[in-house]
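Worksheet: the structure to be examined is printed underneath.
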Amino acid sequence: MRSLLVIHRQTPPSERSDSDSRTLLPEYILRSYGYQVHLARNEEQAIAGIGDADGAVLHLPVSEIKAWCGKLEKHKQTPVLWWCSDTAASMSLEACEDDVIIDGLLFPTMKAHELHWSLHFSSAHFYERQQWKNERKQLLARIEERKWIDMAKGILCELKNISESEAYDVLRKQAMNERKRMVDVATSIVKLYQLLQESGSGGAKKS
């Protein structure tokens, strides 16, 4: 990651501590280590900068991270890291139980090589997390498809007085003949059967 979107709000002077000096701000440190930084203090600026960013660094209380992740995901899937400064940490004491998912932590005291490796492993964690999400999505889709196919097989078994394996063959052949996916054929059968049942037109009548 060489280009980073840094998001943090302006800390009022009354809330600012000595640790909030310019040299400890994420944009200053990251730029001093050779990273390209787009600074955002509101959603509009963040959306404008997320397109070219390799990752997002949030210098915010933990309680605000989840909402920001949701905003960013609408525009781009990218690694998200928390900049854990004294101020951000002290403002997050009551958020320990919050359900927040981030890919890594960065600290103002990190040296260049420490920050490099933290970004490296955070990026790897992000891509592993994305792969897991995609695999989960595919698994849920297969389970949903299996549900429709099993329902259609049950209907065919009832209407045609055939076995499950024979019903499966009927679905497979019809899908091939119509050049459709088997789940699409199964869904059509189930929905038509349900419609006939609701209309009382004798959809359960055996052939």
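Here, each number is a calculation from the coordinates, and none is a lab measurement. Just so it is clear, the structure is predicted and the values come from calculations on it, not from any experiment. Don't worry about glycine lacking a Cβ; one is built from the backbone with ideal geometry, like all the others, and counts go over all protein chains shown.
Are there DSSP H segments in the chain that both extend 30 Å or more along their axis (alpha-carbon positions) and score a mean Kyte-Doolittle hydropathy of at least -1.0? List them, or say none. Show your work: numbers first, answer last.
Working: long enough: 112-160 (71 Å, -0.86).
Within the chain the helices that satisfy the rule are 112-160.
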> Of Lys71/Lys137; Lys71/Lys133; Lys74/Lys137; Lys133/Lys153; Lys153/Lys180; Lys111/Lys137, which sit over 28 Å apart, Cα to Cα?
Replying inline: Lys133/Lys153; Lys111/Lys137
> In what order do Trp117, Trp148 fall by count of nearby beta-carbon atoms within 10 Å, going from fewest to most?
Replying inline: Trp117, Trp148
>> For Val57, what residues show an amide H to amide H distance below 5 Å, using hydrogens built from the backbone and excluding near sequence neighbours?
In response: Leu5, Val6, Ile7, Leu81
>> Could you order the peptides 183-192, 32-41 from most to least packed, using the average number of other C-beta atoms within 10 Å per residue?
In response: 183-192, 32-41
>> Please list, ordered by chain and number, the residues whose modelled amide H lies under 5 Å from the amide H of Val37; skip anything fewer than 5 residues away on the same chain.
In response: Leu4
> When the dipole is taken about the Cα centre of the chain, and only Lys, Arg (+1) and Asp, Glu (-1) are charged at their Cβ, what size is it in debye, to the nearest 20?
Replying inline: 1100 debye
> Taking Cα atoms of the stretch 52-207, Rg/Rh with Kirkwood Rh, to two decimals?
Replying inline: 1.29
> At 25 °C and 0.890 mPa s, what whole-number value in µm²/s does Stokes-Einstein give for the translational diffusion of the stretch 137-199, with Rh from the Kirkwood sum over Cα pairs?
Replying inline: 206 µm²/s
